[in-house]
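The structure under discussion appears below in the form of structure tokens.
The values are calculated or read from the model by the stated rules, or taken from the named source; none is laboratory data. Computed from a predicted model, the values in this text were never measured in an experiment. When we count neighbours, we look across all protein chains shown, and the Cβ atoms used for this are built from the backbone with ideal geometry, even at glycine. Surface accessibility is based on the protein's heavy atoms, side chains included, excluding ligands, DNA and RNA. Shrake-Rupley method; radii C 1.70, N 1.55, O 1.52, S 1.80 Å.
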Amino acid sequence: AAPQGPPIYVDLAYLPGSWSAQTVDEEFFRRVRALCYVVSGDDHLKEGVLRSLLDALLVGKHQWGTDTQVTLIPTFDSLVMHEWYQETHERQQELGITVLGSNSTVAMQDETFPACKVEF
């Protein structure tokens, strides 16, 4: 267990992928307070822990005790993400959490990929 300490405030935090995603729990979100969290890592390992990671965000954010708005930016499409979004949408609104979905694409050289723009 990590020693107790004050929370850390950042603009943007990337949530770990693969096996490291298992380390993201309620305590992580209580201590690492970001305006934007990027959920990346479209792989079967991340999919297995995605629901617990998203639920941990709700519990951790509830402990902040402030009206800070948070944006969650998934970089991949996921059935687990869609189910969580639908099942917890009301709670997300209460806590000031916005899940960013984007149908925008960016074309660079010979490649096209989905993208979104985040401004601070």
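Of the residues V80, T68, G101, the one whose Cα sits farthest toward the positive end of the charge dipole of the chain, with +1 on the Cβ of Lys and Arg and -1 on the Cβ of Asp and Glu, is T68. Only the Cβ atoms of Lys and Arg (+1) and of Asp and Glu (-1) were treated as charged; on that basis the dipole of the stretch 8-114 about its Cα centre amounts to roughly 380 debye.
Take 51-57, 111-117, 22-28 and order them by the average number of nearby Cβ atoms within 10 Å per residue, most first; the result is 51-57, 22-28, 111-117. Take every Cα pair under 8 Å whose residues are at least 6 apart in sequence, average their separation, divide by the length of the stretch 8-114, and the relative contact order is 25 percent. Charge tally for A34 (other residues, Cβ to Cβ under 13 Å; Lys, Arg +1; Asp, Glu -1): +3. Taking the accessible area of the stretch 81-120, probe 1.4 Å, and keeping the other protein chains in place, the carbon and sulfur fraction comes to 46%. The Cβ shell under 14 Å around I97 holds other residues with a net charge of -2, Lys and Arg each +1, Asp and Glu each -1.
Largest first and in whole Å, the equivalent-ellipsoid semi-axes of the chain read 24, 16, 15, each the square root of five times a Cα gyration tensor eigenvalue.
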